[in-house]
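Take a look at the structure set out below.
The values are calculated or read from the model by the stated rules, or taken from the named source; none is laboratory data. Just so you know, these numbers come straight off a predicted model, no measurement behind them. Note that each Cβ is placed from the backbone with ideal geometry, even for glycine, and that neighbours are counted across all protein chains shown.
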Amino acid sequence: MKAVVCGAGIAGLSLAHELATRGDEVVLLERSPRPREQGYMMDFFGPGYDAAEQMGVLPAILDVSYDIDEASFVDSHGRSRARLPYDRFRRAVGGRLCSLMRPDLEQVLREALPSSVDLRFGAEVTACTDRGPDVEVCTADGAVLAADVLIGADGIHSVVRRLAFGDDSNALRYLGFHTAAFVFDDARIREACAGRFALTDTVGRQMGFYALRDGRVAAFGVHRTPDPELPDDTRTAVREAYRTLQWVVPEALAQCPPPEEIYYDQVAQVVIPAWSAGRVGLVGDACHAVSLLAGQGASLAVAGARALAAQLHSGVPIAPALAAYERQWRPVAEDRQASGRAAARWFLPRTHAELWVRRAALRMSGLPLVNRALGAFLSGS
């Protein structure tokens, strides 16, 4: 089987790995000119952790992960107002959890690709046509590819989804937040957040910081806004959104890099009536983005890609295999999407009353009953 996969992020790299490992001819197209360096720290657990172990990449993932002792919510002077020790997270999922930067996970998956995978950067898909016996894929540089299947793994703003399904203006379910991430050098801030994920204990907007092994600091921000439209100048938008925050935030904003070095997007879920049409299918955020509020986007991308590869090798034709994958994986994704929507209020409080409730909930997190509830939430059971 020949497969064209559009998008060399977590889902696309995982799918390319699994298909090539099974002997398929895989062309992996990525419109960016080089591997993405922007991203944020994430917790990796759940079905993707298990899938990574089965794929043989888990040891490499653990090698680039970080030891985080706690998530600490701090006041304007950096004093902890509430904390959540990470060992409670780990116990809740049987110890099968690690924290790492998104670009590091992509690098692990990229380096694990079989040599047969044809990975092309700067290759933007501009058209696709299901011709019955095959699917034709055209790129901006004039290349024309014929394949048995085209899979869009190109994120919440999927080009393949729009080309294959037409108008997808209703695909995004905006959750009311924008998020940003960047890295910078600052020894004092690095020392202040060493060994912990330090977040401002604030209403409506929040920044968090963690120390990276290369000596830099990673910054993460999320803020409420009713407008889903993304700004033209992300650096200006970041500085404006978080300018009222205190502690180390002013120093971090002063060192915010140029827009091309900032990860910036809306916090949204993708909800569409079908994940495939003929020989064209979708995987990962392109069809079921759960949002960072659900905490398992990367995990579902890896595990979902592995499930899709298995269905494509189940011995049935392409279209029924894609439909079978959707029947298998949609309930999993929808469950996590529901969890993400439910988490929206406590993830970033809108009022001081909600902020107080979050603090109280964190103080109770060590109780056995709460720990069991946390385990059920994280595992989706």
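On the given criteria, is P114 outside any strand (DSSP E or B) and touching a residue at least 40 places away in the same chain (Cβ under 8 Å)? Full working, then the answer.
Working: outside any strand (DSSP E or B): yes; touching a residue at least 40 places away in the same chain (Cβ under 8 Å): yes.
When the stated conditions are applied, P114 passes them.
Could we say that L62 is among the hydrophobic types (A, V, I, L, M, F, W, C), at pLDDT 95 or above and in contact with a Cys (Cβ under 7 Å, 6 or more places away or on another chain) here? Break it down stepwise before answering.
Values: among the hydrophobic types (A, V, I, L, M, F, W, C): yes; at pLDDT 95 or above: yes; in contact with a Cys (Cβ under 7 Å, 6 or more places away or on another chain): yes.
Answer is yes for this residue.
Can you find a residue that is in contact with a helix residue (DSSP H, G or I) (Cβ under 7 Å, 6 or more places away or on another chain), over 25 Å from G166 (Cβ atoms), aromatic (F, W, Y) and in a helix (DSSP H, G or I) anywhere in the stretch 334-348?
Within the stretch 334-348, one or more residues are in contact with a helix residue (DSSP H, G or I) (Cβ under 7 Å, 6 or more places away or on another chain), over 25 Å from G166 (Cβ atoms), aromatic (F, W, Y) and in a helix (DSSP H, G or I).
At least 2 residues that are without any contact (Cβ under 8 Å) to a residue 24 or more places away in the chain and not β-branched (V, I, T) in each: list the helices (runs of 4 or more DSSP H) lying fully within the stretch 219-288 that qualify.
On the way: elements: 234-241, 249-254, 285-288.
Of the helices (runs of 4 or more DSSP H) lying wholly inside the stretch 219-288, those with at least 2 residues that are without any contact (Cβ under 8 Å) to a residue 24 or more places away in the chain and not β-branched (V, I, T) span 234-241, 249-254.
Take the stretch 128-156 and flag every residue that is among the aliphatic types (A, V, I, L, M) and in a strand (DSSP E or B).
Keep residues of the stretch 128-156 that are among the aliphatic types (A, V, I, L, M), which gives 135, 137, 140, 143-147, 149-151, 153, 156.
Correct list: V135, V137, V144, L145, A146, A147, V149, L150, I151.
Against the definition (in the same structural domain as H288 (by TED's automatic domain parsing), buried (at least 21 other Cβ atoms within 10 Å of the Cβ), touching a residue at least 24 places away in the same chain (Cβ under 8 Å) and of a type in the set (D, E, K, R)), how does E30 come out, yes or no?
Values: in the same structural domain as H288 (by TED's automatic domain parsing): yes; buried (at least 21 other Cβ atoms within 10 Å of the Cβ): yes; touching a residue at least 24 places away in the same chain (Cβ under 8 Å): yes; of a type in the set (D, E, K, R): yes.
Yes: the conditions hold for E30.
Return yes or no: is V283 at pLDDT 95 or above and under 11 Å from the mean Cα position of the chain (by Cα)?
In short, no.
Does the stretch 316-332 hold any residues that are more than 25 Å from V290 (Cβ to Cβ) and buried (at least 19 other Cβ atoms within 10 Å of the Cβ), and which are they?
Looking only at the stretch 316-332, we keep the residues that are more than 25 Å from V290 (Cβ to Cβ), and these are 316-320.
Passing the criteria: only I318.
Would you mind stating whether H313 is surrounded by fewer than 23 Cβ atoms within 10 Å (Cβ to Cβ) and either at pLDDT 80 or above or in contact with an Asp or Glu (Cβ under 6 Å, 6 or more places away or on another chain) (or both)? Full working, then the answer.
Working: surrounded by fewer than 23 Cβ atoms within 10 Å (Cβ to Cβ): yes; either at pLDDT 80 or above or in contact with an Asp or Glu (Cβ under 6 Å, 6 or more places away or on another chain) (or both): yes.
Considered against the rule, which asks whether it is surrounded by fewer than 23 Cβ atoms within 10 Å (Cβ to Cβ) and either at pLDDT 80 or above or in contact with an Asp or Glu (Cβ under 6 Å, 6 or more places away or on another chain) (or both), H313 comes out as yes.
Sort out which residues of the stretch 157-168 are over 22 Å from L293 (Cβ atoms) and assigned to a loop (DSSP other than H, G, I, E, B), and write them in order of number.
Looking only at the stretch 157-168, we keep the residues that are over 22 Å from L293 (Cβ atoms), and these are 159-160, 162-167.
Within the stretch 157-168, G166, D167 meet the criteria.
In this structure, is G195 in contact (Cβ under 8 Å) with a residue 40 or more places away in the chain, out of contact with any Ser or Thr (no Cβ under 8 Å at 6 or more places or on another chain) and surrounded by fewer than 15 Cβ atoms within 10 Å (Cβ to Cβ)? Can you show your working first?
Details: in contact (Cβ under 8 Å) with a residue 40 or more places away in the chain: yes; out of contact with any Ser or Thr (no Cβ under 8 Å at 6 or more places or on another chain): yes; surrounded by fewer than 15 Cβ atoms within 10 Å (Cβ to Cβ): yes.
Yes, satisfied.
Which of the numbered conditions does R306 fail, given that it passes all the others? Conditions: (1) in contact with a strand residue (DSSP E or B) (Cβ under 6 Å, 6 or more places away or on another chain); (2) of a type outside the set (F, W, Y); (3) outside any loop (DSSP other than H, G, I, E, B).
The single condition R306 does not satisfy is (1).
Working only within the stretch 33-57, note down all residues that are among the acidic types (D, E) and either surrounded by 21 or more Cβ atoms within 10 Å (Cβ to Cβ) or touching a Leu at 6+ places or on another chain (Cβ under 8 Å) (or both). Explain how you work it out, then say what you get.
Step one: list which residues in the stretch 33-57 are among the acidic types (D, E), which gives 37, 43, 50, 53.
The one that is among the acidic types (D, E) and either surrounded by 21 or more Cβ atoms within 10 Å (Cβ to Cβ) or touching a Leu at 6+ places or on another chain (Cβ under 8 Å) (or both): D43.
Looking at (1) over 19 Å from the mean Cα position of the chain (by Cα); (2) surrounded by 14 or more Cβ atoms within 10 Å (Cβ to Cβ); (3) hydroxyl-bearing (S, T, Y), which is the one condition that is false for S99?
Here S99 meets the rest and fails (1).
Kindly list the number of the only condition in (1) touching a helix residue (DSSP H, G or I) at 6+ places or on another chain (Cβ under 8 Å); (2) closer than 28 Å to V302 by Cα; (3) not hydroxyl-bearing (S, T, Y) that fails for V203.
(2)
Is there any pair linking a residue in the stretch 307-334 that is closer than 20 Å to D285 by Cα to one that is β-branched (V, I, T) and surrounded by fewer than 21 Cβ atoms within 10 Å (Cβ to Cβ), with Cβ under 9 Å and at least six apart or on different chains, and which?
From the stretch 307-334, the pairs are A307/V332; A309/T21; A324/V316; E334/V271.
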